[in-house]
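Okay, structure first, notes after.
The values are calculated or read from the model by the stated rules, or taken from the named source; none is laboratory data. Just so it is clear, the model here is predicted, and its values are computed rather than measured. For accessibility, only protein heavy atoms count, side chains too; no ligands or nucleic acids. Shrake-Rupley method; radii C 1.70, N 1.55, O 1.52, S 1.80 Å.
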Amino acid sequence: MDGYFIKEDLIVPASEGVAVLVEKGNYIEIIDVEGKQVGDLMAWVRDTKNEWFSPAHSVTQNWKIRLDVDDLLVTNLRREIFKIIYDDVGYHDIIVPCCDEQAYIRRYGLEGHRSCLENIREALLKIGERQHLSGELAWNMFMKNKIQEDGEVIYEEPIHPPGSKIILEVLMDCVVALSACPQDQTPTNGGNCSKMKINIWKKE
Ligand SMILES: [Zn+2]
């Protein structure tokens with residue numbers, strides 16, 4: 001990253017979330033420290049109350065559900081918020097919502113299980129942010145879903161190794177939150193929920 005320095009480096013502890021403010025021109029580097037871990041990302045445009053990163057609108061921006069380097073991610077108002085600059089994993093889910101408390105109660109009978117939605121809510125509160133929160137605003141990074149011919153969605157165990165990463169260019173000032181997914185009832189996180197790392201790069 002010539003001409004850039006790390007403005008902030010953050011650890012997202014296993015099964016927890018972190019939120020951070022970023023500016024246009026920054027790069028967000030998200031690293032899966034131990035491998036096979038899914039990170040759920042949400043973002044909201046700064047100084048507005050009605051604009052956020054939208055996975056569904058990003059599907060129609062690119063006309064595909066598997067995004068590649070140079071693809072653009074957009075908001076619910078179809079404005080460009082991130083560009084994918086680097087990605088050595090290559091699979092991410094952009095169609096299912098993040099996990100939430102009700103999913104663990106209804107599917108597995110588990111009360112009080114941590115979830116991406118609550119992780120992100122907690123992370124936002126820690127930096128004094130209250131944002132519109134809903135599971136379908138999450139992009140499930142490094143999540144390996146297979147979509148069958150008949151449309152069935154299968155959650156597969158990820159295969160990416162420790163140190164795998166993705167880098168996003170920030171195109172609008174925004175609040176970004178990442179949850180290290182606490183899903184331990186499916187192969188989503190390779191049977192071991194682990195920490196992640198975020199580096200925010202800024203131009204020198
Ligand atoms: Zn999750």
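General remarks:
- On segment 1-71, 50 percent of the accessible area sits on carbon and sulfur atoms, based on a 1.4 Å probe.
- Accessible area per residue in Å² at 1.4 Å probe, computed on segment 136-179: 41 Å²
- Of Lys49/Lys146; Lys83/Lys144; Lys49/Lys203; Lys64/Lys197; Lys36/Lys126, pairs whose Cα-Cα distance is over 32 Å: Lys49/Lys146
- Accessible surface computed residue by residue for segment 49-120, with neighbouring protein chains in place and a 1.4 Å probe, gives 52 Å² per residue.
- Share of carbon and sulfur in the accessible area of segment 87-162 stands at 47%, probe radius 1.4 Å.
- Comparing Asp100, Asp70, Asp40 in a Gaussian network model of the chain, where Cα atoms under 10 Å apart are tied by springs, the biggest mean-square fluctuation is seen for Asp70.
- Distances between every pair of Cα atoms in the chain, grouped in 10 Å steps from 0 to the bin holding the largest one, split as 9, 38, 39, 13, 1, 0 percent.
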